[in-house]
1. Can you name every residue in region 1-14 that is part of a loop (DSSP other than H, G, I, E, B) and closer than 16 Å to residue 52 by Cα?
2. Hey, residue 44 hits all of (1) closer than 15 Å to residue 10 by Cα; (2) touching a strand residue (DSSP E or B) at 6+ places or on another chain (Cβ under 9 Å) but one; which does it fall short on?
3. Do we have residue 76 as more than 11 Å from the chain's Cα centre (by Cα), modelled with pLDDT under 80 and surrounded by 10 or more Cβ atoms within 10 Å (Cβ to Cβ) here?
4. Hey, can you tell me all the residues within region 30-46 that are farther than 23 Å from residue 63 by Cβ and surrounded by 13 or more Cβ atoms within 10 Å (Cβ to Cβ)?
5. Select from region 20-34 the residues that are closer than 18 Å to residue 8 by Cα and assigned to a loop (DSSP other than H, G, I, E, B) and list them in ascending order.
6. State all residues of region 35-58 that are part of a loop (DSSP other than H, G, I, E, B) and modelled with pLDDT of 90 or more; if no residue qualifies, say none.
7. Could you grab the pairs with beta carbons closer than 7 Å, sequence gap of 6+ or different chains, first residue in region 1-13 and surrounded by 10 or more Cβ atoms within 10 Å (Cβ to Cβ), second one modelled with pLDDT of 85 or more and in a loop (DSSP other than H, G, I, E, B)?
């Protein structure tokens, strides 16, 4: 059996600028429908509103606090973004 899937929205393109991705990997959505996407090869998390408008980003390559290596994203009920 094949499930039918309807595309609702899409955004972004390949690159390094805001709203662009090299390797989008993890996705989380908070209670206000903000979307958080980890971009593994850009070593960052990008945050968008529900319409795909870029809000903010954080992270850079490294192993110290605030730096990312390989990320999977989850979101707690207290709106804490966790990258592991």
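The values are calculated or read from the model by the stated rules, or taken from the named source; none is laboratory data. This structure is a prediction, so every number in the text was calculated from the model and none was measured. Methodologically, a virtual Cβ is constructed for each residue, glycine included, from the backbone with ideal geometry; neighbour enumeration extends over all protein chains shown.
1. Within region 1-14, 7, 8, 9, 10, 11, 12 meet the criteria.
2. (1)
3. yes
4. Within region 30-46, 30, 34, 35 meet the criteria.
5. 30, 32, 33, 34
6. Within region 35-58, 49, 50, 51, 52, 53 meet the criteria.
7. 11/19; 11/52; 12/19
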